[in-house]
Amino acid sequence: MRTKATLAIALVMFLMLGWQHLNGGVPAHHLLADPTLPALSNWWGLLTLPLLAWFLLGRIERRRRADPRGAHGDTAGFTGALVFGALLSLLFTAGRHDATGYMAQAVFVIALFYPVHRAACVLGFVIGMTWTFGAVLPTIAAAVFAAGGAAIHYGTRFIYSRLLVLRR
């Protein structure tokens, strides 16, 4: 599954870049949307996205082997993150920067209840944003959201468990 899915993602990325190339050129995006910062071409996605997919799909497969009953969580996490990333991209393109800011903050609230740092969520989020931003910027954003989300998800559980120990 891992190889076929990675090849499919690479093919879709290649087709998307080909379409962009033939219809006005492959865009580049500045870090933090600041023209004074370096721009990253969407061409980097041809390398970045398949490598990311290969790595994350490997983690998903290992997790499924360890806990076959938890597989439905990967599908739900991937789908939810895909829709979240696509919606975030759509709102950014529509100029609704206030809404995108709220959505970015909402990731950390969601992390209280759901492990947004899991590989399926990261992959879905990056794929959902790739059409608008290429693959590199969403990968950077996903890394920040995953790190913060993991800290919140596990940190709150750790603190809560310590409070329960103190109450006994």
Quiz prompt | Check on Pro50, surrounded by 13 or more Cβ atoms within 10 Å (Cβ to Cβ) and within 25 Å of Gly18 (Cβ to Cβ) | solution = yes
Quiz item: Looking at Leu137, Leu112, which is the one that is touching a strand residue (DSSP E or B) at 6+ places or on another chain (Cβ under 7 Å) and over 16 Å from Leu82 (Cβ atoms)?
Solution: Leu137
Quiz item: Which residues, counting only those in the stretch 28-48, are among the small types (Gly, Ala, Ser), closer than 23 Å to Thr6 by Cα and in a strand (DSSP E or B)?
Solution: Ser41
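For (1) under 20 Å from Ala5 (Cβ atoms); (2) of a type in the set (A, V, I, L, M, F, W, C), each residue gets a yes or a no:
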residue	(1), (2)
Arg69	no, no
Leu90	no, yes
Met103	no, yes
Met129	yes, yes
Ile140	no, yes
Ile152	no, yes
Phe158	no, yes
Quiz item: For residues in the stretch 79-117 being within 19 Å of Leu137 (Cα to Cα) and among the β-branched types (Val, Ile, Thr), which is surrounded by the most Cβ atoms within 10 Å (Cβ to Cβ)?
Solution: Val116
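Output the number of residues of the stretch 10-22 satisfying the condition of being surrounded by fewer than 13 Cβ atoms within 10 Å (Cβ to Cβ) and within 13 Å of Trp131 (Cβ to Cβ).
Here is the first cut: in the stretch 10-22, the residues surrounded by fewer than 13 Cβ atoms within 10 Å (Cβ to Cβ) are 11, 15, 18-19, 21-22.
Now restrict to residues that are within 13 Å of Trp131 (Cβ to Cβ): 15, 19.
So the count comes out to 2.
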Quiz item: Failed condition for Ser89, given (1) more than 14 Å from the chain's Cα centre (by Cα); (2) modelled with pLDDT of 95 or more; (3) among the polar types (S, T, N, Q), with all others met?
Solution: (1)
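Does Ala120 satisfy the criteria of being in contact with a helix residue (DSSP H, G or I) (Cβ under 9 Å, 6 or more places away or on another chain), touching a residue at least 60 places away in the same chain (Cβ under 8 Å), surrounded by 20 or more Cβ atoms within 10 Å (Cβ to Cβ) and at negative phi? Show your work before the answer.
Numbers: in contact with a helix residue (DSSP H, G or I) (Cβ under 9 Å, 6 or more places away or on another chain): yes; touching a residue at least 60 places away in the same chain (Cβ under 8 Å): yes; surrounded by 20 or more Cβ atoms within 10 Å (Cβ to Cβ): yes; at negative phi: yes.
Spelling it out, Ala120 is indeed in contact with a helix residue (DSSP H, G or I) (Cβ under 9 Å, 6 or more places away or on another chain), touching a residue at least 60 places away in the same chain (Cβ under 8 Å), surrounded by 20 or more Cβ atoms within 10 Å (Cβ to Cβ) and at negative phi.
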Self-check item: Selected residue [touching a His at 6+ places or on another chain (Cβ under 8 Å) and either exposed (fewer than 14 other Cβ atoms within 10 Å of the Cβ) or free of Cβ contacts under 8 Å to residues at least 12 places away in the same chain (or both)] from Ala76, Ala33, Ala66, Ala39
Solution: Ala39
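The values are calculated or read from the model by the stated rules, or taken from the named source; none is laboratory data. Source: prediction; values computed, not measured. Cβ coordinates were reconstructed from backbone atoms using ideal geometry, including for glycine residues, and neighbour counts include every protein chain displayed.
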